[in-house]
Structures are given as C-alpha cells and as structure tokens.
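The values are calculated or read from the model by the stated rules, or taken from the named source; none is laboratory data. Predicted model only: the values in this text are computed from it and were never measured. Positions of Cβ are backbone-derived with ideal geometry, glycine not excepted, and every protein chain shown enters the neighbour counts. Heavy atoms of the whole protein, side chains included, go into the accessibility calculation; ligands, DNA and RNA do not. Shrake-Rupley method; radii C 1.70, N 1.55, O 1.52, S 1.80 Å.
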Amino acid sequence: MISKFYQKSRQERINLLTERGFVTAEAGKLFIENPLLSETIADNMIENQISQFPLPLGVALNFLVDGKDVVVPMVVEEPSVIAASSNGAKLARPLGGFKTEIKERCMIGQLIFKDLVDVEEAKRVVQEKEAEIIEIANLAYPSIVKRGGGVQRVETRVIENETGEAEFLTIHLIIDVQEAMGANMINTILEATASSIKEWIHGEILMQILSNYGDASLVTAMCEVDPKQLTTADYDGQWIAERIVEATRYAHLDPYRAATHNKGIMNGIDSVVLASGNDFRAIEAGAHAYASRNGRYEAMSYWCINEAGNLAGELTLPMPVGIVGGAISVLPLAKVNQQLMQIQYATELASIIVSVGLAQNFSALKALVSEGIQKGHMSLQIKSLAIHAGAKESEIDEVVAKLKQEKTQNLATAQQILDKIRN
Ligand code: MEV
C-alpha cells in the first residue's frame, strides 16, 4: 500500500515509484523531462499534424489484481476518476482485491460474402474446408504461427436481410495474435484467404475487416467487499450495499441509466487503455456492442450480496488490447506505463483494465446511492476552478482554501477570490 501519495509533489511521487521499483530511474525521468512526443514521431503518426494535445497522466493506487500489487497509469481529463478508482480498489483489498478470468484471447476477422446462389450450401462448403482455410490463412502470416499464434478456428454466420431471407454468408477467422493488438495482421490474413474461399463458394466478397465486437477476448473481473467496510458516520454499510445491488438491477432495466452506469465503467477503462497506447475507440465499440448482446442495451456490471453476505461485483467485457506493435511501440510513455504495471503479457493488461472498470463502477455507485457524487466531485473540481480563474502555481492553494469555504463554488467566485488576493 502507498499512502498519502496525493499529498506529495510530482517529483516525490515519481521518486517513490522509482524507489519501490515500479519504474527505473531512467523511465521516471521521462515522466518529468520528456512527456511530449518528438516532432518526428508526432509528424509521422498522423496526417496534417500541427501540434500536440497533452492530457494529464496519473496513477491509481491500491490495486491488487490476481494477487499482484499494481500501480495503474491513467490518462484522463475528468477530475475524480483516479481518486474513485483508487478508493474502489482500496475497499476491495481486504477480501483479496480483483480476481480475473480469461478463457480465450483471440481476435475476430470477418469475411463478408454476398450474391451467393445458395447461402446454406456455401456455408457447408466453408465448414468442410475449415482445415484448408486455416492453412492458407496461416501461410499468409507465418511469423505469428512461429510465435505460437495464428488462426485457431473458422466460424460461419448466415445473415438474414430485412425480409428475413438468408442473404449474406459471413466467415469469422478466430485469430490468436499473441501480444499484439493485431489489426494489420488480421486484415492481411483476411485478404489472403478471401480469394480461395470466393472460388469455392461462388460469391462476391463485400468486404473483409476485423470485428471490434471482440467476444473472443472476454475478460471477467470480480471482487468482494464486506458491507461493514462501507459504513460511515452518516450511512450504514449494509444499506449502501443493498442499494448498490438495486441500482445495478435498475441499470439492467433502463437503457437511459445503463448508458450512464456504463459511462462510469468506461471512465476507468478508457483512461488505462489510453495510457497503454491502445485504441480506445475499438474498446468502446466492443464494450457497448457486448452490453447489447441480449437484444437491449444493458448495464455492463453485476452486483449482488453473495452467500457469505459480502457485496460481490462482476464485470465481463471484450478486452482485445495489446502490448506490442502499432502506436504502443511508438509512444515512449506507453512503454513506461507497461513498466509501471509490471506486465509481460497482453492478458495481464486486459485483466488490470477490466478490474479498474469494476472499481470505478463500485465507487460511482457507492457515492450515487448515498451522499451523491457532487460532494467528492466538487472538492476535486475546486482546483480546476482555481486554475481556470487564472491562479498561478503560488496562488492555487490559497484560492482553493478560500473557495472551499464559499457556498457557491463556481468560476465567478474563484475569480473574485483571486482578485481579492491580488489586490
Ligand atoms: C461520471 O463521469 C460517471 C457517473 O455518472 C457514473 C454513474 O452514474 O454510474 C458518476
């Protein structure tokens, strides 16, 4: 456990992470001296580059994931997200922190065929030729097979059109991309396989592309909290635990609430995905698609009171993140952040990310069903208000202290306080 981290200066925080062996001194220096991308990297990553757009990088503490202490890097613009994650993780620690399960870590590539004479017959042909398809696909990317990956299996889906007729045949290649995100690899494999299949089934290829509905990369994170731990001066812990269960049940019933409930989960998830250099749009798309798998958009998490009387949470999401390749290999801080998390495998990163999502959800619900989020939110927002009002480094603490005593804590009040201090 690392305590009072927030009270330390930035340099002291980095020193502490270095001393505890989470990052090397060299990597620690990068946080301070070189947080921006070099011009060459920035200019080559995207088109028409004109500048950089920094966001704060912070760390969530107290995470115990599969028995390992983890310092979690998060890139986020919203105050209170990191504090909420750390708080949720702290409450989950006494009963073992977060435990995760990953049955499989594969990506899905789609080959979509149209204009087929007989869709069912085409499906049968593809099923019959599964071994051949796998061989052709793997020949297109031998290096991934050498590293222990490659196409694992072929699945077929007949897609009906608006009038209920079988129209398209969609072939899924389920690909083990090892430690990579694998987008380019998948697309290369798909293109190499499409022409042979086309000849066998006499259809037109509409397109070939990976699917971001990554349900071959599902990760489950679970945690338990003793309701007694939730008791505060104002609230009974059992009451809070029961209301968290009820709030989650409600979020499964109402898509309007589900969207907000899930947004809280994605607050945590996107922040770590960004810090890891992965594609957060891909993760968002997959998560929301998975939340709609029962035909209606639902809450992503489940909370119940288990047989032991503890509040038990569970979150399952597609988490097809990588630790090599693409932007991850180019962004210097993405590598340092991997070091911070002390991960060696993409599956470890995925487990941490889903655990953060669950911690975030827990903290949000705990606040929402009791005192509301505004109290915690505002105390963190006050510093932003002071900065927004124009307070210099040397003035921030005084503006914050005075603003805390005001009834109305907004930008105008912050500006008035600053004017008074200066005059
Ligand atoms: C705010 O960014 C996230 C919450 O709205 C999540 C939720 O309502 O569960 C607090």
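Summary of values
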quantity: So ILE283, is it assigned to a helix (DSSP H, G or I) and within 16 Å of the ligand (Cβ to nearest atom); calculated: no
quantity: Wholly enclosed strands (runs of 3 or more DSSP E) of the stretch 40-151 bearing at least 1 residues of a type in the set (A, V, I, L, M, F, W, C) and under 21 Å from ALA367 (Cβ atoms); calculated: 57-65, 68-75
quantity: Residue satisfying condition, being open to solvent by less than 60 Å² (accessible area, probe 1.4 Å) and in contact with a strand residue (DSSP E or B) (Cβ under 6 Å, 6 or more places away or on another chain), within set VAL70, VAL23; calculated: VAL70
quantity: Matching option when the condition is buried (at least 19 other Cβ atoms within 10 Å of the Cβ), of a type in the set (Val, Ile, Thr) and part of a helix (DSSP H, G or I), among VAL219, VAL272; calculated: VAL272
quantity: Residue satisfying condition, being open to solvent by 70 Å² or more (accessible area, probe 1.4 Å), in the same structural domain as SER363 (by TED's automatic domain parsing) and polar (S, T, N, Q), within set ASN62, ASN48; calculated: ASN48
quantity: Subset of the stretch 226-254 [open to solvent by less than 20 Å² (accessible area, probe 1.4 Å) and not hydrophobic (A, V, I, L, M, F, W, C)]; calculated: PRO227, GLY237, THR248
quantity: Test set (1) of a type in the set (Ser, Thr, Tyr); (2) without any contact (Cβ under 8 Å) to a residue 40 or more places away in the chain; (3) assigned to a strand (DSSP E or B) - SER3 fails condition number; calculated: (3)
quantity: Qualifying residue in the stretch 192-203 (condition: part of a helix (DSSP H, G or I), basic (Lys, Arg) and within 30 Å of ALA312 (Cβ to Cβ)); calculated: no
quantity: Residue selected from the stretch 391-423 under the condition polar (S, T, N, Q) and surrounded by fewer than 11 Cβ atoms within 10 Å (Cβ to Cβ), by the criterion farthest from LYS375 (Cα to Cα); calculated: ASN423
quantity: Residue selected from the stretch 358-379 under the condition at pLDDT below 90 and away from the ligand (no atom under 12 Å from the Cβ), by the criterion most open to solvent (accessible area, probe 1.4 Å); calculated: LYS375
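Let's see how each residue does on (1) open to solvent by 10 Å² or more (accessible area, probe 1.4 Å); (2) closer than 28 Å to ASP118 by Cβ; (3) touching a His at 6+ places or on another chain (Cβ under 7 Å):
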{"position": "ILE136", "(1), (2), (3)": "yes, yes, no"}
{"position": "ARG147", "(1), (2), (3)": "yes, no, no"}
{"position": "THR163", "(1), (2), (3)": "yes, yes, no"}
{"position": "ILE174", "(1), (2), (3)": "no, yes, no"}
{"position": "GLN178", "(1), (2), (3)": "yes, no, no"}
{"position": "MET181", "(1), (2), (3)": "yes, no, no"}
{"position": "ASN184", "(1), (2), (3)": "yes, no, no"}
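Here is a yes/no grid of residues against (1) within 16 Å of the ligand (Cβ to nearest atom); (2) of a type in the set (A, V, I, L, M); (3) closer than 30 Å to LYS8 by Cα:
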site	(1), (2), (3)
GLN49	no, no, no
VAL65	no, yes, yes
PRO73	no, no, yes
ASN87	yes, no, yes
ALA92	no, yes, yes
LEU95	no, yes, yes
GLY109	no, no, no
PHE113	no, no, no
ASN161	no, no, no
